[in-house]
Amino acid sequence: MSIQGKAAIAGVYEHPLRWAPHKTQYQIMAESGRGALEDAGLTLKDVDGLFTSGVSGMGIVSLAEHLNLNPSYLDSNSIGGSSFVSHTGHAAAAIAAGYCNVALILYGSKWSSDRFAIGTGGAGGGDPSEQFENCYGPTTVGDYALTAQRHMHEFGTTSEQLAEIAVVTRRHASLNPLAKFRDPITVQDVLTSRLVSSPLHLLDCCMISDGGGAIVVTSAERARDLRKKPVQILSAAESCYHTSAGMRDLTDAAAKQSGPTALARASVAHKDIDMAMVYDSFTITVLVTLESLGFCKKGEGGSFIQNGRIGLGGELPINTDGGGLSSNHPGMRGIFLVIEATKQLRGECGERQVKDCQLAFCHGTGGTLGLRHSGASLVLGI
Amino acid sequence: MAEEKKYKKPLPRIDEENKPFWEACARHELYVQKCRSCGKLFYYARGFCPEDLSSDLEWVKCSGKGTVYTFTVTRQNQSAGFRDSLPYVMAYVELEEGVRMLTNIVGCKPDEVKIGMPVEVTFEDATPEISIPLFQPTAK
Ligand SMILES: [Zn+2]
């Protein structure tokens with residue numbers, strides 16, 4: 001059974017705050033939910049499916065209690081930053097199966113004001129693999145850096161090419177009134193920012209912010225009668241990638257499995273895609289993801305991203321909101337990929353609007369490239 | 001009065017699956033596993049073969065030699081133990097036996113580390129029970 005034509009995004013909302021010490025995580029989620037339901041022209045009473053991640057183990061039950069909801073479908077699938085891209089696909093499947101009618105996907109985080117050291121704090125988990133890793137000082141930045149170094153060695157990718165991704169993303173952020181960092185930067189600025197874990201500089205890394213957002217998914221049929229132009233969920237696919245018992249190629253990403261699957265399920269080709277939201281935890285994440293998704297050949301990401309191709313007006317504009325590198329990154333950014341793609345497809349993006357945007361691709365990465373990560377891909381269309 | 005703990009980095013949690021690996025490290029020996037059923041060699045230690053779930057496994061003693069597959073010089077880590085050893089080199093080393101393992105490169109300056117560089121295992125005694133396998137440039 002395919003989800004194609006069965007479900008649509010009816011409402012989205014991106015919380016405007018990047019710093020929210022005066023709010024709670026649950027409050028950010030509730031405010032985001034209110035915004036997305038208003039956007040759709042629905043109320044809390046319509047919601048019978050609840051999706052979230054980044055809460056405690058049973059936090060989704062507490063979230064339902066906090067909102068005084070009694071959903072008949074619950075999903076707190078937690079696969080890192082890609083979780084909310086995954087939830088969007090799961091919600092479409094649940095709706096296609098008739099398990100719920102209106103799904104509310106919520107995210108809220110205060111990792112910035114809680115001073116959570118995402119990128120450079122130590123690991124300390126109890127998973128089997130971690131007993132062979134934590135003793136060596138992996139950090140989030142360091143894990144991605146392992147992939148960057150190998151990619152440079154094998155394919156001649158340069159720091160200048162990686163920097164170009166941060167520069168283009170910042171240019172997009174300058175057109176987004178909500179973006180945290182809006183002042184233009186140059187390749188030189190990236191290269192002269194301090195090395196955090198070689199070869200990644202500070203400006204190769206996403207920021208840490210507070211924030212949140214919400215998505216309302218309902219049946220394609222019901223979405224037609226709601227307030228906004230529905231955005232069709234054409235396909236979804238997921239994957240994970242890990243150390244493969246010591247045999248893995250570090251220059252590949254989970255996107256290599258989920259990307260082509262999502263395109264095939266939607267019966268569309270790379271050239272049909274008008275814009276893409278590509279998880280940008282780091283500049284290297286974007287480069288490796290574009291290669292793994294198949295927008296260019298493996299090893300050619302460095303030249304692909306040049307000459308304005310990934311900027312507004314280019315062949316494949318990406319991360320038009322400014323991404324995690326410049327707009328916001330509250331720890332798990334997947335929900336913003338779907339929100340921005342939805343707004344682009346509705347033509348609501350003002351100065352940063354991609355012309356004639358009809359098909360958008362979202363790819364979330366959760367975890368770390370150098371160790372293990374998940375991938376979630378979505379094709380959305382108008 | 002208890003002596004101040006010298007080793008501040010996280011230690012592996014020993015369990016039934018990884019115990020033989022860490023017991024060998026304590027003797028300053030590096031082992032990987034091989035499946036007798038399908039012949040696959042793998043790392044990290046498990047209680048079964050990740051290819052076919054067979055439990056018929058053997059331990060293969062490694063030469064301790066390998067090459068750097070990739071690395072990063074970490075300049076920022078706020079956690080205990082690592083804060084004091086910045087900058088340090090985290091790397092994947094490809095063992096002669098064919099598998100890659102995460103490790104640290106020691107015994108040279110961080111900026112001397114290159115991909116493809118020959119390295120050999122050395123052990124840091126973290127506690128009387130636990131020694132951590134690290135790699136250093138191969139002696140000429
Ligand atoms: Zn086997």
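The values are calculated or read from the model by the stated rules, or taken from the named source; none is laboratory data. The structure presented is a predicted model; accordingly, all values stated were derived computationally and were not measured. Every residue, glycine among them, receives a Cβ derived from its backbone with ideal geometry; neighbour counts consider all protein chains shown. The area values use the complete protein model at the heavy-atom level, side chains included, leaving out ligands, DNA and RNA. Shrake-Rupley method; radii C 1.70, N 1.55, O 1.52, S 1.80 Å.
Take the conditions within 16 Å of the ligand (Cβ to nearest atom), among the aliphatic types (A, V, I, L, M) and more than 8 Å from chain A (Cβ to nearest Cβ) and apply them to residue B:30. Does it pass? In short, no. Select, from B:23, B:16, the only residue that is within 12 Å of another protein chain (Cβ to nearest Cβ), away from the ligand (no atom under 16 Å from the Cβ) and modelled with pLDDT of 95 or more. Answer to the selection: B:16. When you check residue B:131 against the structure, is it away from chain A (no Cβ under 13 Å), at negative phi and under 14 Å from the mean Cα position of the chain (by Cα), yes or no? Judged against the criteria, residue B:131 is not a match. Taking the stretch A:32-91 as the range and being more than 25 Å from residue A:20 (Cα to Cα) and in contact with a His (Cβ under 6 Å, 6 or more places away or on another chain) as the test, only A:75 passes. Number of residues in the stretch A:6-60 that are touching a residue at least 24 places away in the same chain (Cβ under 8 Å) and part of a loop (DSSP other than H, G, I, E, B) equals 17. Scanning the stretch B:113-127 for residues that are without any contact (Cβ under 8 Å) to a residue 40 or more places away in the chain and more than 13 Å from every other protein chain (Cβ to nearest Cβ) turns up just one, B:122.
Condition check: without any contact (Cβ under 8 Å) to a residue 24 or more places away in the chain and within 20 Å of residue A:309 (Cα to Cα). Does residue A:269 satisfy that? Against the criterion (without any contact (Cβ under 8 Å) to a residue 24 or more places away in the chain and within 20 Å of residue A:309 (Cα to Cα)), residue A:269 qualifies. Against the test of being open to solvent by 50 Å² or more (accessible area, probe 1.4 Å) and within 19 Å of residue B:99 (Cα to Cα), the options B:8, B:34 yield a single qualifying residue, B:34.
Test residue B:73 against the criterion of being within 16 Å of the ligand (Cβ to nearest atom) and at the interface with chain A (Cβ under 8 Å from one of its Cβ atoms), and give yes or no. It is false that residue B:73 is within 16 Å of the ligand (Cβ to nearest atom) and at the interface with chain A (Cβ under 8 Å from one of its Cβ atoms).
Conditions (1) away from every other protein chain (no Cβ under 14 Å); (2) open to solvent by less than 20 Å² (accessible area, probe 1.4 Å), marked per residue:
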residue	(1), (2)
A:44	yes, no
A:59	yes, yes
A:73	yes, no
A:84	yes, yes
A:94	yes, yes
A:104	yes, yes
A:107	yes, yes
A:125	no, no
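When we screen A:156, A:142 for residues that are closer than 30 Å to residue B:99 by Cα, surrounded by fewer than 17 Cβ atoms within 10 Å (Cβ to Cβ) and small (Gly, Ala, Ser), the only hit is A:156.
Tell me whether the stretch B:77-95 contains one or more residues that are within 23 Å of residue A:248 (Cβ to Cβ) and within 14 Å of the ligand (Cβ to nearest atom). No.
For residue B:42, the criteria (1) within 16 Å of the ligand (Cβ to nearest atom); (2) open to solvent by 20 Å² or more (accessible area, probe 1.4 Å) hold in every case but one, which is (2). Within the stretch A:128-147, the residues that satisfy the criterion of being part of a helix (DSSP H, G or I) and touching a strand residue (DSSP E or B) at 6+ places or on another chain (Cβ under 6 Å) are A:135, A:136, A:141, A:142, A:144, A:145, A:146. For the stretch A:278-287, the condition of being in a helix (DSSP H, G or I), within 20 Å of residue A:4 (Cα to Cα) and either of a type in the set (Lys, Arg) or under 17 Å from the mean Cα position of the chain (by Cα) (or both) holds for none of the residues. If you go through the stretch B:49-70 and keep only what is within 11 Å of chain A (Cβ to nearest Cβ) and either within 15 Å of the ligand (Cβ to nearest atom) or open to solvent by 20 Å² or more (accessible area, probe 1.4 Å) (or both), you end up with B:49, B:50, B:51.
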